[in-house]
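Report on one structure; see the data block that follows.
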Amino acid sequence: MLSLVVFLAFVWGILWALFLQCTRTGHYLAVRRTWIAVIVGLGVDLLLALLVIPKDAWSYIVAIIVASSVGIIMRSVYNERQDEKALEALNDE
């Protein structure tokens, strides 16, 4: 089972990278909303891990990752908002 999950993770990573690189939406996420791209990528990885890790251990891992992600997501959202305000100010001039 582990080999299958590792293979699926490999395929997922390639497909996600291609989406981010080759589509307009993917490019936007990669450039302007990186944190969303990371959440989606990591979320799928965690779902795949659920297939090979006992549920109680998996829930601990998810809790740790979520807790450590809050600060960086808040930073990203704040910076994105500041960028939008700067653009609005330029448009108002």
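When segment 21-44 is filtered for residues that are more than 28 Å from residue 59 (Cβ to Cβ) and either in contact (Cβ under 8 Å) with a residue 40 or more places away in the chain or more than 11 Å from the chain's Cα centre (by Cα) (or both), the ones remaining, listed by number, are 21, 22, 23, 24, 25, 26, 27, 28, 31, 32. Just one of the numbered conditions (1) within 28 Å of residue 6 (Cα to Cα); (2) under 19 Å from the mean Cα position of the chain (by Cα) is not true of residue 71: (1).
Kindly indicate whether residue 68 is among the polar types (S, T, N, Q), surrounded by 14 or more Cβ atoms within 10 Å (Cβ to Cβ) and part of a helix (DSSP H, G or I). So residue 68 fails the test. Select from segment 33-46 the residues that are surrounded by 13 or more Cβ atoms within 10 Å (Cβ to Cβ) and assigned to a helix (DSSP H, G or I) and list them in ascending order. Of everything in segment 33-46, those that are surrounded by 13 or more Cβ atoms within 10 Å (Cβ to Cβ) and assigned to a helix (DSSP H, G or I) turn out to be 34, 35, 36, 37, 38, 39, 40, 41, 42, 44, 45, 46.
One line per residue, one yes/no per condition, for (1) at pLDDT 95 or above; (2) surrounded by 12 or more Cβ atoms within 10 Å (Cβ to Cβ); (3) among the hydrophobic types (A, V, I, L, M, F, W, C):
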site: 2; (1), (2), (3): no, no, yes
site: 10; (1), (2), (3): yes, no, yes
site: 22; (1), (2), (3): yes, no, yes
site: 57; (1), (2), (3): yes, no, yes
site: 85; (1), (2), (3): no, no, no
site: 88; (1), (2), (3): no, no, no
site: 93; (1), (2), (3): no, no, no
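The set of residues in segment 73-93 being of a type in the set (A, V, I, L, M, F, W, C) and touching a helix residue (DSSP H, G or I) at 6+ places or on another chain (Cβ under 9 Å) consists of 73, 77.
The values are calculated or read from the model by the stated rules, or taken from the named source; none is laboratory data. Every value quoted in this text rests on a predicted model; they were computed, and no experiment measured them. Every residue, glycine as well, gets a Cβ built from its backbone with ideal geometry; the counts of neighbours run over all protein chains shown.
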